[in-house]
Amino acid sequence: MMQYKTLLAATAMALMTIPAWAVENVTWWDFLSGGDGVRMKALITRFNEEHPDIKVTGTTLEWGIPFYTKVRTSVAVGQGPDVMTYHLSRMPLGLEEGVLDEITDEDLKNAGVTKESFFPASVKAASSDDGKLHAVPFDIHSIVLYYNKSYLKDTKFLDADGKLTGINNLQDFEEALALAKEKGAEAPVSYATGDDGGTFRVFYTLLRQQGGELITGKEVLAGDNLQKAAKAIEVMTRWAGNGWQPEQAEYEASVALFTAGKSAFSLNGVWEVPTMIDMEKKGTLGYEWGAVQVPNLMGTQTSWADSHAFAIPANNKMSPEKRKAVMTVIGWMEKNSLAWAEAGHIPAYKEVAEGEAFKKMEPNATYSALANNASYDPRSPIAGVASPAYDAAINVISPAIHGYAEPMQAAEQIKQDLQDRLK
């Protein structure tokens with residue numbers, strides 16, 4: 001009996017000397033609130049449940065300038081997260097500030113992906129000029145054209161299946177706006193005319209559809225781009241003058257106009273798709289709706305777009321084991337991005353975007369072709385989310401479309417303001 005107890009004690013001691021299962025703790029920062037935040041937290045929970053050897057601890061910080069300021073400060077002192085979300089439109093500034101580590105081929109291998117796994121436009125936006133990758137694209141989100149079918153019923157703009165049709169140029173679209181006005185629409189096309197983001201996205205779409213460039217190298221609105229910018233502002237001003245768009249509408253008000261049935265169309269981001277679906281399910285919408293990529297109004301099929309991506313901060317002092325865990329997290333997120341697409345986004349990971357499940361997801365599948373011709377913000381440190389380019393939208397373009405400046409005068413002011421920031 002004594003020998004048995006001794007054996008048990010020896011066995012217990014031996015077990016105690018076996019090291020516990022090593023867990024890599026991954027610190028995660030994002031700026032995702034609302035429906036995006038809920039979905040991302042659910043994905044993190046799922047990952048942790050499926051990976052007992054890796055624990056992701058997420059923190060959500062304030063969107064925009066506060067987030068990127070925090071990143072810059074934390075990198076400077078070597079106390080950044082292990083992985084973070086990042087807007088690809090901020091990539092040029094992030095590279096200039098030196099806050100982004102390179103994502104190597106070995107990193108991608110550990111994530112189980114390659115550069116070819118993603119849409120080319122998003123890979124280009126995630127890379128430096130020398131082709132080095134500094135983030136892994138997660139989605140493509142763009143403005144799209146939402147439409148209220150009740151204003152288009154019995155017109156040439158709605159086909160037999162209830163799909164938007166017949167808008168092939170600016171003249172067609174403005175004909176539809178005039179018709180909606182006649183049918184009682186308070187603001188035939190709603191967008192955030194008193195908000196930097198909403199105004200910039202529409203302006204930039206109209207500029208890029210003309211083949212225009214806002215910033216080329218170190219020059220703003222070079223050559224005939226100045227005339228193209230003025231033309232874009234002229235179009236937006238005409239919509240205002242004809243009473244087709246709301247006056248000085250901030251973001252929430254612009255959304256409310258459309259969801260309340262007071263607008264026939266809305267130029268807004270894909271991120272409002274869950275709002276429409278939720279209202280439809282609850283029976284509080286009051287009309288049938290759809291969403292398509294912004295039609296080719298000005299000669300080229302394209303629209304403003306950006307991407308959420310995953311990045312690793314520079315100066316991270318990360319062990320090889322930790323880095324492999326981080327890339328495992330990123331790879332898992334990409335392969336499970338169908339759940340993220342429920343927020344209206346288009347997966348940047350082609351295997352999901354081209355899969356049968358996503359092809360059945362509406363209206364995402366209808367407008368998903370925009371991923372092939374998306375126009376990202378200019379590759380410049382003064383462009384992108386919460387940038388001087390967005391400041392120009394609220395300080396120059398928004399007043400102009402409300403009649404406080406002529407279109408060419410506004411375009412020249414944008415050129416001057418932004419050119420000064422590039423010196």
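In order along the stretch 213-221, the Karplus-derived 3J(HN,Hα) couplings, from 6.51 cos²θ - 1.76 cosθ + 1.60 at θ = phi - 60°, round to 10, 6, 10, 10, x, 10, 10, 9, 6 Hz, and Gly and Pro are given as x. Direction-averaged projected area, Cα convex hull, the chain: 25.1 nm², rounded to one decimal. Can you list residues whose amide H is under 5 Å from residue 288's amide H, if they're 5+ apart or on another chain and H is modeled 1.01 Å from N? Residues meeting the amide H criterion: 149, 150.
When you filter the GluC sites (Glu not before Pro) in the stretch 69-109 for DSSP loop state and at most 16 other Cβ atoms inside 10 Å of their Cβ, you are left with 102. Residues whose amide H falls under 5 Å from that of residue 118, counting only those 5 or more places apart or on a different chain, are 350, with hydrogens built in the peptide plane. Counting each pair of different Cα atoms once, what's the Kirkwood radius of the stretch 129-282 in Å, rounded to one decimal? Value: 17.0 Å, from the Cα pair sum.
For the chain, the mean residue ellipticity at 222 nm estimated from helices alone is -12500 deg cm²/dmol, where every DSSP H run of n ≥ 4 contributes -39500 (n - 2.57) and the total is divided by all residues, rounded to the nearest 500. Is the stretch 265-423 rounded, prolate or oblate when judged by the Cα gyration tensor, a ≥ b ≥ c being the square roots of its eigenvalues, rounded requiring a/c under 1.5 and prolate requiring a/b larger than b/c? Oblate is the answer for the stretch 265-423, as a/c is 1.5 or above yet b/c matches or exceeds a/b. For the chain, carbon and sulfur atoms together expose 52% of the accessible surface, with a 1.4 angstrom probe and every protein chain in place. The mean accessible area for residues of the stretch 67-109, using a 1.4 Å probe and ignoring ligands and nucleic acids, is 39 Å² per residue. The candidates 86, 151, arranged from most to least accessible area with a 1.4 Å probe in the full protein assembly, appear as 151, 86.
Rounded to the nearest whole Hz, the Karplus-based 3J(HN,Hα) values (6.51 cos²θ - 1.76 cosθ + 1.60, θ = phi - 60°) of the stretch 68-78 follow the sequence 6, 5, 4, 4, 4, 5, 5, 5, 4, 9, x, with x at glycine and proline.
Placing a label point 7 Å from the Cα of residue 315 along the Cα-to-Cβ direction, the residues of the stretch 86-115 whose backbone N falls under 12 Å from that point are 97-100. In the context of the full set of protein chains, residues of the stretch 200-261 present 38 Å² of accessible surface per residue (probe radius 1.4 Å, heavy atoms only).
Do any of 70/115; 41/360; 70/350; 335/360 go past 22 Å between their Cα atoms, and which? From the list (70/115; 41/360; 70/350; 335/360), the Cα-Cα distance tops 22 Å for 70/115; 41/360; 70/350. When you work out D = kT/(6 pi eta Rh) for the stretch 55-181 at 4 °C and 1.567 mPa s, using the Kirkwood radius from C-alpha pairs as Rh and the Stokes-Einstein form, the result is 70 µm²/s.
The values are calculated or read from the model by the stated rules, or taken from the named source; none is laboratory data. Given the structure is predicted, the values throughout are model-derived calculations rather than measurements. Every residue, glycine as well, gets a Cβ built from its backbone with ideal geometry; the counts of neighbours run over all protein chains shown. Calculation scope for accessible area: heavy atoms of the full protein, side chains included, ligands and nucleic acids excluded. Shrake-Rupley method; radii C 1.70, N 1.55, O 1.52, S 1.80 Å.
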